[in-house]
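See structure below.
The values are calculated or read from the model by the stated rules, or taken from the named source; none is laboratory data. Because the structure is a prediction, the values reported are computed rather than measured. With ideal geometry, Cβ positions are generated from the backbone for all residues, glycine too; neighbour counts draw on all protein chains shown.
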Amino acid sequence: MCTAGQRFLAVGAHTSAMSDETDIPTEPRAAVDALADHLTATAERPVPPATNRWLGEAEAVARDAASDDLDSQTRQKRVRQVATLLESADKTGDVIADRHIDAAIECCEVVLDYDKF
């Protein structure tokens with residue numbers, strides 16, 4: 001299992017390849033929606049139960065972040081929570097699920113790197 005931060009950094013090391021396969025939005029609001037969609041897609045994949053619990057919680061928080069009635073500060077907080085949950089999740093052993101997780105992490109980076117939206 002990766003320690004907190006290692007997975008996030010390790011994913012960053014190969015995200016350019018992921019970006020070639022998956023279009024990551026550069027606009028923060030669109031990235032929040034894409035984040036939720038990528039995590040929803042992992043629910044349809046064969047993922048180990050322990051990892052699935054992390055992903056399920058991350059998906060719920062991401063769906064909340066994507067709701068229209070949040071202010072930007074709360075939305076940023078939710079996306080930070082999702083990033084932390086994803087750092088805690090192990091690789092799934094499923095290439096497609098792992099690609100969705102990598103894309104979700106990239107979406108978190110878009111949102112968290114943007115000052116205000």
Within the stretch 30-42, restricting attention to residues that are over 15 Å from Leu85 (Cα atoms) and without any contact (Cβ under 8 Å) to a residue 24 or more places away in the chain, which residue is nearest to the chain's Cα centre (by Cα)?
-> Asp37
Residue hits (the stretch 27-64; out of contact with any Pro (no Cβ under 7 Å at 6 or more places or on another chain), more than 12 Å from His100 (Cβ to Cβ) and small (Gly, Ala, Ser)) are Ala30, Ala50, Gly56, Ala60
Residues in the stretch 83-103 that are surrounded by 15 or more Cβ atoms within 10 Å (Cβ to Cβ) and closer than 13 Å to Thr40 by Cα total 6
Filtering the stretch 43-74 down to residues that are over 15 Å from Leu86 (Cα atoms), modelled with pLDDT of 95 or more and among the charged types (D, E, K, R) yields Arg45, Asp64
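To keep it simple, each residue is scored yes or no on (1) in contact (Cβ under 8 Å) with a residue 24 or more places away in the chain; (2) of a type in the set (Gly, Ala, Ser); (3) buried (at least 22 other Cβ atoms within 10 Å of the Cβ).
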{"residue": "Val47", "(1), (2), (3)": "yes, no, yes"}
{"residue": "Thr51", "(1), (2), (3)": "yes, no, no"}
{"residue": "Trp54", "(1), (2), (3)": "yes, no, no"}
{"residue": "Glu57", "(1), (2), (3)": "yes, no, no"}
{"residue": "Ser72", "(1), (2), (3)": "yes, yes, no"}
{"residue": "Val79", "(1), (2), (3)": "yes, no, yes"}
